[in-house]
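The values are calculated or read from the model by the stated rules, or taken from the named source; none is laboratory data. Everything numeric here is computed off the predicted structure, so don't read it as measured data. Cβ placement follows ideal geometry from the backbone for every residue including glycine, while neighbour counts extend to all protein chains displayed. For the accessible areas, the whole protein counts, side chains as well, though only heavy atoms, and no ligand, DNA or RNA atoms are used. Shrake-Rupley method; radii C 1.70, N 1.55, O 1.52, S 1.80 Å.
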Amino acid sequence: MAEAEERETGSLEESTDESEEEESEEEPKLKYERLSNGVTEILQKDAASCMTVHDKFLALGTHYGKVYLLDVQGNITQKFDVVQVFGLYSGEEFHETFDCPIKIIAVHPHFLRSSCKQFVTGGKKLLLFERSWMSRWKSSVLHEGEGNIRSVKWRGHLIAWANNMGVKIFDVTSKQRITNVPRDDVSLRPDMYPCSLCWKDSVTLIVGWGTSVKICSVKERHAGEMRDLPSRYVEIVSQFETEFYISGLAPLWDQLVVLSYVKEVSEKTESEYCARPRLDIIQPLSETCEEISSDALTVRGFQENECRDYHLEHSEGESLFYIVSPRDVVVAKERDQDDHIDWLLEKKKYEEALMAAEISQKNIKRHKILDIGLAYINHLVEKGEYDAAARKCQKILGKNAALWEYEVYKFKEIGQLKAISPYLPRGDPVLKPLIYEMTLHEFLESDYEGFATLIREWPGDLYNNSVIVQAVRGHLKKDSQNRTLLKTLAELYTYDKNYSSALEIYLTLRHKDAFQLIHKHNLFSSIKDKIVLLMDFDSEKAVDMLLDNEDKISIKKVVEELEDRPELQHVYLHKLFRRDHRKGQRYHEKQISLYAEYDRPNLLPFLRDSIHCPLEKALEICQQRNFVEETVYLLSRMGNSRSALKMITQELQDVDKAIEFAKEQDDGELWEDLILYSIDKPPFITGLLNNIGTHVDPILLIHRIKEGMEIPNLRDSLVKILQDYNLQILLREGCKKILVADSLSLLKKMHRTQMKGVLVDEENICESCLSPVLPSDAAKPFSVVVFHCRHMFHKECLPVPSMSSPAQFCNICSAKHRGPGSAILEMKK
């Protein structure tokens, strides 16, 4: 604690006290500095006894009865030898010589107002001085007879003072004393352990005496309770004990600042000695308190001081506290954000310091975010955490190119360019090309993979491409087969728009980017002599690319280039055929042998789909290679079905295929050949019996079976034939019923249609004489015949029916053989 406090007070003297504690890791709440200048001059000749703070001035009293008016820097502005009251900003003043020593003085908080020209003095008695209407000062005794008055505090209309018996509060407005708070520990001499008073606000008084603290609240008394009592009363709202003797109190928001006098026992001599005074910040509770912070102060001559020698004053409205001792005056201030950052930096908590500066950048005055960040980077570098330091550069250095370059050179000096390389800016800002080249050379010397990664990630315009290309070539002279370097060189060639060199390397390496490079930069003219390389690398991708760009590399050129590699030629032509049967028709003859050699499963589909391949050539090849299925197909396609069937039955010995073939051809002679071939072969007979029923009458086969021939599963086959026959009969009967029902339904529909009326008007004409069927004179009689075919005639225009054929027919429909067209309607009038 001692070292921590010495650091905070700056110029405070070092302590050699054996009880000095180890440095605390907790951040202090206050900072300290010694008040020097005129104070130093005064305390070299005299000893401080008290101090009062008002506005920007300090009044320092000494043991020799002198009073010095100081500014906040400690410079002397005025000196007094007698009790004197005067205006700091006006010409009025009061001075008096008293017949007894004056221990304390307090002026009205609003003394500048004409109605508030009052002050009190304390000694053997408490005197109130007021200026009368004649501008004369008159005094009145407020209290006496209880010993010396050593402490007086005035707030608003309330005056609080302490004497040997306790603490009193006087209401200036009502001229009444409203309370008496007795002293707790009467064993302590009041002159050695004086009472400390301070007002937290206009109605809250804090009393510290010995080791006891009381918080008193002044409250208004209800009108019904007054009688002869004062209008106000005091309630003690909190009371607690402290560890040390209290020398001073001051409020800090809702907390208390306590100056304590400390006595400790030496471990060696077992005797008591005066330790350094403590300044504590505590949080009052109802019956106890919670310590927030505690600092031991190294003031001059603390070993000789007593409790009465210390005083604590504070400046209202500001977090300023003055610790007064006979030989020293120390100013304590609430720490601001700059002080907080100072402490974090001192503790090497740079991350927290940087965060605090970013959050409070508008409030900090002594620190800059950039300076803290640079210090943080240096700290990480010193610790050897190079990756973390490099990562922080990105955030701290931002867009400052000069700082980036400076930091890169620092990393270069310690051999850690690799650490900072992932974080180097690539856009805004852009550093000098030398920076990027230097980093790339560092990787090239020791890490090919890392070098390749940077080349891929960095834009090619960050560095001089030709310089890096030369460096890579130099390394390839030592290791010409290094794939990483070759691939990286290809990427560099690409950045340099030397696409042909890049493509050559990609093809040598069989790298997938070769196809992307060709497409992206339209390098088809460069690959006309490299088609075999492309196909060897990835035939699927190569064929797709060549077929997609037939306009740039013709089919003829590709086939010629692949002439010495028929297996690749087949892959290309096969995919071409699948895309379009017509485009490669000139190569269909060649494809027969290619399919036969490299891809027999696709030969038969090819033969079926192609209409341009020569069948004789295909038959010759298939017969040479004994491809039975393909030969059967070709024979059937060429019209030689009998030979095809013979191959199936004799070569394949597959009755099912023979039957299937016969069904496809639907030729009675083929069925006869198949029956003749199968008649002495029981397995074939079984197959025919099971499948022939729907195409050939099974009786023809059964009559030809020799008596006594053992046929496997004959009973099952016959049962199946009968079942199939019954099924056929049922199907026929079902179909017949459906046809009859449909015919009857359609007939009824036709009848209903024909029975409907037919509209006859002036527009209809006679189909024979072509004149209107209705006469123009509606009164004239007429006779019209309308047939079901909707043709209309005058009755007299139709031929007269004969005895042999009394029915009438439409002349037009009869002539066209459309049916009889018998009349359905005759109209007469």
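Would you compute, from DSSP H runs of 4+ residues alone, the mean residue ellipticity of the chain at 222 nm, taking -39500 (n - 2.57) per run and dividing by the full residue count, rounded to the nearest 500?
Mean residue ellipticity at 222 nm (helix-derived): -11500 deg cm²/dmol.
Please determine, in degrees from 0 to 90 and to the nearest 10, the orientation of helix 350-359 with respect to the longest principal axis defined by the Cα atoms of the chain, where the helix direction is its Cα long axis.
90 degrees
Treating only the Cβ atoms of Lys and Arg (+1) and Asp and Glu (-1) as charged, compute the dipole magnitude of region 463-534 about its Cα centre; round to the nearest 20 debye. Intermediate values should be presented prior to the final figure.
On the way: 11 positive and 6 negative charges, 25 e Å.
Magnitude of the dipole: close to 120 debye.
Note down the net charge around ASP191, summing +1 for each Lys or Arg and -1 for each Asp or Glu among other residues with Cβ under 13 Å from its Cβ. Could the numbers behind the result be given before it?
Working: positive: LYS103, ARG150, ARG183, ARG189, ARG308; negative: GLU306, ASP309.
Result for the neighbourhood of ASP191: +3.
Hey, what's the Kirkwood Rh for region 335-430 if you take every pair of different alpha carbons, in angstrom?
Details: mean 1/r = 0.0721 Å⁻¹.
Answer for region 335-430: a Kirkwood hydrodynamic radius of 13.9 Å.
Please list the non-local residues whose amide H lies under 5 Å from the amide H of SER247, H modeled 1.01 Å from N, same-chain partners needing a gap of 5 or more.
LEU259, SER260, TYR261
Which pairs break 29 Å Cα to Cα here: LYS56/LYS348; LYS79/LYS200; LYS79/LYS153; LYS348/LYS412; LYS79/LYS103?
Details: LYS56/LYS348 37 Å; LYS79/LYS200 31 Å; LYS79/LYS153 23 Å; LYS348/LYS412 25 Å; LYS79/LYS103 18 Å.
In this structure, LYS56/LYS348; LYS79/LYS200 lie more than 29 Å apart at Cα.
Tell me which lysines have Cα within less than 26 Å of LYS720's Cα, excluding those fewer than 8 residues away on the same chain?
LYS657, LYS663, LYS681, LYS706, LYS736, LYS737
How large is the charge dipole for the chain, taken about the Cα centre, if only the Cβ atoms of Lys, Arg (+1) and Asp, Glu (-1) carry charge, to the nearest 20 debye? Display every interim value, and only then the final one.
Details: 108 positive and 132 negative charges, 912 e Å.
It comes to approximately 4380 debye.
At 1.4 Å probe size, with every protein chain present, just tell me what the per residue accessible area of the chain comes to in Å².
54 Å²
Identify, among ASN180, LEU747, ALA401, the residue whose Cα sits farthest towards the positive end of the charge dipole of the chain, taking +1 on the Cβ of Lys and Arg and -1 on the Cβ of Asp and Glu, with the dipole about the Cα centre.
Value: LEU747.
Among the GluC sites (Glu not before Pro) in region 548-605, which ones are in a DSSP loop with at most 16 other Cβ atoms within 10 Å of the Cβ? Mind listing them? Present the calculation step by step, with values, prior to reporting the outcome.
Numbers: sites: GLU550, GLU560, GLU561, GLU563, GLU567, GLU589, GLU597; in loops: GLU550, GLU563.
Listed in order of number, the matching sites are GLU550, GLU563.
May I ask for the angle, rounded to the nearest 10°, between helix 448-457 and the longest principal axis of the chain, with both axes built from Cα atoms and the value confined to 0 to 90°?
Here the helix axis deviates by roughly 80 degrees.
Work out the charge dipole of region 335-430 with +1 on the Cβ of Lys and Arg and -1 on the Cβ of Asp and Glu about the Cα centre, then indicate which of GLY415, SER360, LEU380 is farthest towards its positive end.
Checked the options; the winner is GLY415.
Roughly how tilted is helix 588-598, in degrees to the nearest 10 and between 0 and 90, from the longest Cα axis of the chain?
Approximately 60 degrees, to the nearest ten.
Below 12 angstrom from the Cβ of PRO433, what's the summed charge of the other residues (Lys, Arg +1; Asp, Glu -1)? Show your work: numbers first, answer last.
Numbers: positive: LYS432; negative: GLU405, GLU437, ASP461.
Once positives and negatives cancel, what remains is -2.
Using Cα-Cα distances under 8 Å and only pairs 6 or more residues apart, what relative contact order does region 756-799 have, in percent? Numbers along the way, then the final one.
Values: 51 pairs, mean separation 15.5, N = 44.
Result for region 756-799 is 35 percent.
With a 1.4 Å probe and every protein chain kept in, tell me what percent of the accessible surface of the chain is carbon plus sulfur.
49 percent
Cβ under 12 Å from ASN180's Cβ, ASN180 left aside: what net charge do those residues give with Lys, Arg +1 and Asp, Glu -1? List each step's numbers first, then the result.
Values: positive: LYS168, ARG177, ARG183; negative: GLU146.
Summing Lys and Arg as +1 and Asp and Glu as -1 gives +2.
Go through [x] 68; [y] 34; [z] 28 and flag the label whose value is the computed percent of Cα pairs over 45 Å apart for this structure.
[x]
If packing is taken as the average count of other Cβ atoms within 10 Å, what order do 181-189, 728-736 fall into, highest mean first? Intermediate results must be reported in sequence, preceding the final value.
Details: 181-189: 13.1, 728-736: 10.2.
Per-residue Cβ counts within 10 Å, averaged per peptide and sorted highest first, yield 181-189, 728-736.
Based on the Cβ-Cβ distance from GLN239 to GLU318, what FRET efficiency comes out when R0 is 25 Å, to the nearest 0.05?
Details: r = 29 Å, r/R0 = 1.14.
With a Förster radius of 25 Å, E is 0.30.
Can you figure out the FRET efficiency of ASP479 with ASN522, using R₀ = 35 Å and their beta-carbon distance, to the nearest 0.05? Provide the component values of the computation, followed by the final result.
Working: r = 33 Å, r/R0 = 0.94.
Efficiency, from the Cβ-Cβ distance: 0.60.
Can you list residues from other chains, or at least 5 along the same chain, whose modelled amide H is less than 5 Å from the amide H of ASN305?
Excluding prolines and chain starts, which carry no amide H, there are no hits.
Tell me the relative contact order for the chain as a rounded percent, counting alpha carbon contacts under 8 Å between residues six or more apart.
Values: 1207 pairs, mean separation 40.7, N = 829.
Relative contact order for the chain comes out at 5 percent.
Enumerate the amide H contacts of VAL329 below 5 Å, restricted to partners 5 or more residues apart or on another chain; note that Pro and chain-start residues carry no placed amide H.
Residues meeting the amide H criterion: LEU35.
Residue by residue through region 540-556, what is 3J(HN,Hα) from phi via Karplus (6.51 cos²θ - 1.76 cosθ + 1.60, θ = phi - 60°)? Round to whole Hz and write x for glycine and proline.
Once rounded to whole Hz, the list reads 4, 5, 5, 5, 4, 5, 5, 5, 6, 10, 4, 5, 9, 10, 5, 4, 4.
Under the rule that an exposed site lies in a DSSP loop and has at most 13 other Cβ atoms within 10 Å, name the longest stretch of the chain with no chymotrypsin sites (Phe, Trp or Tyr not before Pro) of that kind, not counting the sites themselves. List each step's numbers first, then the result.
Numbers: sites that count: TYR64, TYR89, PHE98, TRP133, TRP253.
My reading of the result: 254-829 is the longest stretch.
Express in nm, to one decimal, how much length is gained between LYS219 and GLN78 on full extension, taking 0.36 nm for each residue of separation and deducting their alpha carbon distance. Spell out each step's value before the answer.
Numbers: separation 141, 0.36 × 141 = 50.76 nm, distance 4.05 nm.
The LYS219-GLN78 span can extend by a further 46.7 nm.
Under a point spin-label approximation (7 Å from Cα along Cα-to-Cβ), what is the LEU746-ASP461 distance to one decimal in nm?
8.1 nm
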